[in-house]
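We did not get these values from a lab; they are worked out from the coordinates using the rules stated. Predicted model, so just to flag it, every value in this text is computed and none were measured. Positions of Cβ are backbone-derived with ideal geometry, glycine not excepted, and every protein chain shown enters the neighbour counts.
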Amino acid sequence: MKNNETKLLEKEKVVAEKLNGRFAMMGFVALVGAYLTTGQIIPGFI
């Protein structure tokens, strides 16, 4: 029973890390897009 719980926990960690990486990539693409369209690194700040 303990081995089964460990495998489930490891699978959840892998899924969480993949999701985190995908959100980080989306954020980076949004950052580059904002820079290309406005010329500012953080739009809205002087």
FRET efficiency, Lys18 to Phe45 (Cβ-Cβ, R0 25 Å, nearest 0.05) | 0.20
If each of Glu10 and Phe28 carries a label point 7 Å out from its Cα toward its Cβ, how far apart are those two points in nm?
-> 2.7 nm
